[in-house]
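Trainee: Please see the structure below; I have some questions.
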Amino acid sequence: MPKKTDSEKQILLEIYKTYHDSIEKVAEKRQNTNSFFLTLNTGILELIGFLFQKDAPVILKPLYLILPIIGIISGVFWLKLVNSYRQLNKGKFDVLYELEEQLPFDVYNKEWNKLGKGENPKIYKPLTSIEKFIPKTFIVLYGLFTIYLFVIFVIEIKVIKVV
């Protein structure tokens with residue numbers, strides 16, 4: 001590789017800084033997305049709890065099934081977005097590593113290597129695996145709640161038929 005002029009080095013450094021900033025913006029969007037879905041799911045659970053606490057009128061009974069289904073759907077979308085952000089970050093860091101090859105020190109590449117490239121959870125557990133745990137927990141919770149409501153609905157129908 002031919003030796004770079006000072007001007008080329010400066011341009012490369014500016015590209016590196018700009019690209020690094022774009023990675024930071026993606027991280028911020030990722031955090032905002034997680035906050036949105038956490039707030040949404042907390043609200044859904046609060047509404048479900050409110051309906052159970054207040055012997056809800058018959059007209060609101062369909063919400064017992066609709067809300068957990070909405071929760072499951074939001075959890076699935078949340079997981080898809082977490083995966084999408086993971087893929088985007090991987091691509092961005094791959095490009096950043098290539099840029100670093102042309103700089104005097106490849107700080108992010110060295111850091112990633114020191115962390116075992118996320119392959120050994122004893123050294124480093126990637127954020128994505130932790131992020132996925134939360135929507136999966138909500139999905140399971142909503143699934144169990146849906147099963148519970150279905151069982152109660154079946155019992156109510158049997159009681160109505162007996163009477």
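Trainee: For segment 116-144, which residues satisfy the criterion of being at pLDDT 90 or above and either among the aliphatic types (A, V, I, L, M) or in contact with a Pro (Cβ under 8 Å, 6 or more places away or on another chain) (or both)?
Mentor: Residues satisfying the conditions are Ile134, Ile139, Val140, Leu141, Tyr142, Gly143, Leu144.
Trainee: Mind listing whichever residues of segment 97-114 are crowded, with 16+ Cβ neighbours inside 10 Å and in a loop (DSSP other than H, G, I, E, B)?
Mentor: Of everything in segment 97-114, just one residue is crowded, with 16+ Cβ neighbours inside 10 Å and in a loop (DSSP other than H, G, I, E, B), namely Asp106.
Trainee: Inside segment 127-144, can you point out the residues that are of a type outside the set (A, V, I, L, M) and either crowded, with 19+ Cβ neighbours inside 10 Å or within 12 Å of Ile73 (Cα to Cα) (or both)?
Mentor: Result: Glu131, Pro135, Lys136, Phe138, Tyr142, Gly143.
Trainee: Can you tell which of Lys122, Lys117, Lys161 is among the charged types (D, E, K, R), over 26 Å from Lys61 (Cα atoms) and outside any loop (DSSP other than H, G, I, E, B)?
Mentor: Going through Lys122, Lys117, Lys161 in turn, just one is among the charged types (D, E, K, R), over 26 Å from Lys61 (Cα atoms) and outside any loop (DSSP other than H, G, I, E, B): Lys117.
Trainee: Pairs only if they're at least six apart or on different chains, beta carbon under 8 angstrom, first in segment 9-23 and at negative phi, second polar (S, T, N, Q) and surrounded by 14 or more Cβ atoms within 10 Å (Cβ to Cβ); list them, first residue then second.
Mentor: As it stands, the answer is Leu12/Gln102; Ile23/Asn89, since those pairs meet every condition given.
Trainee: I've got another one for you. Of the numbered conditions (1) of a type in the set (Asp, Glu); (2) surrounded by 12 or more Cβ atoms within 10 Å (Cβ to Cβ); (3) within 22 Å of Arg30 (Cα to Cα), Asp94 fails exactly one; give the number of that condition.
Mentor: The single condition Asp94 does not satisfy is (2).
Trainee: Also, I was wondering about something else. Select, from Leu79, Leu149, Leu65, the only residue that is surrounded by 16 or more Cβ atoms within 10 Å (Cβ to Cβ), modelled with pLDDT under 85 and either closer than 24 Å to Gly43 by Cβ or in contact with a Phe, Trp or Tyr (Cβ under 6 Å, 6 or more places away or on another chain) (or both).
Mentor: Leu149
The values are calculated or read from the model by the stated rules, or taken from the named source; none is laboratory data. Values in this document were obtained by computation on a predicted structure and should not be read as measured data. We place every Cβ from the backbone using ideal geometry, glycine too, and count neighbours over all the protein chains shown.
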